[in-house]
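Since the structure comes first, as C-alpha cells, the remarks are kept for the end.
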Amino acid sequence: MSILAVFNQKGGVGKTTTSFNLAAAMRKDQVHPLLLDLDPQCHLTMLAGVQTQLGTSLYGFYKEGRQLTDLIRQLPNGFNLVPSHIELCKIDMLLGREPRIATKLRQAIQSEMLETPEMPIVFDCCPMLGVLSINALVASERVLVPVAADYLSYQGAVQLAHTLTGLEHALKRKFQRRYLITRFDPSRKSSLEVVDKLRATFGEDVCKTVIHESASLAEALLMGKDVFHYEPAQQSAEDYAKLFEELVGDGFLPLGD
Ligand SMILES: Nc1ncnc2c1ncn2[C@@H]1O[C@H](COP(=O)(O)OP(=O)(O)OP(=O)(O)O)[C@@H](O)[C@H]1O
Ligand SMILES: [Mg+2]
C-alpha cells in the first residue's frame, strides 16, 4: 500500500499543488486518498475549503490525544482530509524534545489501521524539516520531491538528497524517491538546463512526466478547484493524469496490493 510524503525543504515548489492534483487524479480513477495537511500554513486545508478548530485539526492529534480517525473529514469532492491548523507552527517548541515523537504518526497509522489497499495516504509537508516533516518521512517509504524548474530549486534538491540520505542512515532503511519537475516552461533556456541537470544528477529517480508552468493551474487553486474540475482539457490536467499513471505504472504507487 502507498504512503507518500510530498516533501521539499524549499518553499513554493509545488508541494501543495501536487498533493491536491495528484489526489484529484487518483479520485478520477476511483481511488479515494487520505490527505494529511502537515503544514501550519494550512494551504491544503484552505484549498479543500475546510474550516478547522484547534481540536479538530492535526493539533488535536499531536497535543490533545485525539485519534487520527476522528479527525478525518470526508469532503464532497471525494477526498478524505485531516486538516491543519496554524497553531501547529508551535509543535517543534512544544513537542520537539518528547521521546518517540518522530514515530507518533507512523504508530497512529498502524494502530488505527489506516493503511488500507483502498486508500493511499498522501502527506503535504511544510518547507521545513521539523517534527511534522520528520513524522511524515518516518511514516512513509516513498518521497515525492517537487522541484521547480529553476536553478535555486535544483540546488535545493541536491541539498535535500543529502538530508534524505542522512535520514536513511538514522532509520536504517531506504526511501523510494521521485523528483517531479514543476513549473516547467520549454520556452525558457534555464528551464531546459535545470531539467538536464536534474536528470544527470538523479537519473531514473526523476519522473518522466513534467508539470508545465500554467496560469490556469494557479487560477484553479485560487478557485479552490483541482485541475480536472477547473479545465479538464488543459495541459495541467493532462500532466497530473500522466503523473499518476507513471507512478502507478512504475510501481512507485502500488495501488491495491
Ligand atoms: N505548474 C505551475 N504553474 C503555475 N503556477 C504554479 C505551478 N505550480 C505551483 N504554482 C504556484 O506556485 C505557488 C506555490 O505553489 P505551492 O503552494 O503548491 O508550493 P509549495 O511547495 O506547497 O509551497 P510551500 O513550501 O509554501 O508549502 C502557488 O501560488 C501556486 O499556484
Ligand atoms: Mg505547500
(message) What are the membrane-span-like helices in the chain by this rule: whole DSSP H runs, Cα extent along the axis at least 15 Å, mean Kyte-Doolittle hydropathy at least -0.5?
(response) 15-28, 151-171, 189-202, 235-249
(message) Can you classify segment 3-249 as rounded, prolate or oblate using the Cα gyration tensor, where a ≥ b ≥ c are the square roots of its eigenvalues, rounded means a/c under 1.5, and otherwise it's prolate if a/b beats b/c and oblate if not?
(response) oblate
(message) Cut-off 10 angstrom, C-alpha nodes, Gaussian network model of the chain. Which of SER153, SER187, SER57 fluctuates the most?
(response) SER187
(request) Among LEU47, LEU94, rank each residue by its count of other Cβ atoms within 10 Å, from fewest to most, as a rough exposure measure. (result) LEU94, LEU47
(request) Compute the length gained on full extension between GLU141 and ARG173: take 0.36 nm times their separation in residues and subtract their Cα-Cα distance, giving the result in nm to one decimal. (result) 10.7 nm
(message) For SER190, project a label point 7 Å along Cα to C-beta. Then give me every residue of segment 211-254 with its amide nitrogen under 17 Å of that point.
(response) 213-214
(request) Counting other beta carbons within 10 Å of each Cβ, put ILE72, ILE86, ILE181, ILE91 in order, fewest first. (result) ILE86, ILE72, ILE91, ILE181
(request) Using only alpha carbon pairs under 8 Å that are at least six residues apart, calculate the relative contact order of segment 3-249 and give it in whole percent. (result) 26
(request) State the extension gain, in nm to one decimal, for the chain segment bounded by LEU95 and LEU54, taking 0.36 nm per residue of separation less the distance between their alpha-carbons. (result) 13.1 nm
(message) Could you identify which residue out of ALA148, ALA102, ALA136 has the top mean-square fluctuation in a GNM of the chain using Cα springs shorter than 10 Å?
(response) ALA102
(request) Taking amide H positions as placed in the peptide plane 1.01 Å from N, state which residues far from LEU34 in sequence (5 or more) or on other chains have amide H under 5 Å from it. (result) ILE121, VAL122
(request) Please find, in a Gaussian network model of the chain (springs between Cα atoms separated by less than 10 Å), the residue of ARG27, ARG188, ARG177 whose mean-square fluctuation is greatest. (result) ARG188
(message) Neighbour counts of other C-beta atoms within 10 Å: give me CYS125, CYS89, CYS42 arranged from fewest to most.
(response) CYS89, CYS42, CYS125
(message) Residues of segment 166-194 with backbone nitrogen within less than 12 Å of a virtual label 7 Å along the Cα-to-Cβ line of TYR151, please, listed as ranges.
(response) 190-191, 193-194
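We did not get these values from a lab; they are worked out from the coordinates using the rules stated. Just so it is clear, the structure is predicted and the values come from calculations on it, not from any experiment. Reconstructed Cβ throughout: ideal geometry from the backbone, glycine too, with neighbour counts over all protein chains shown.
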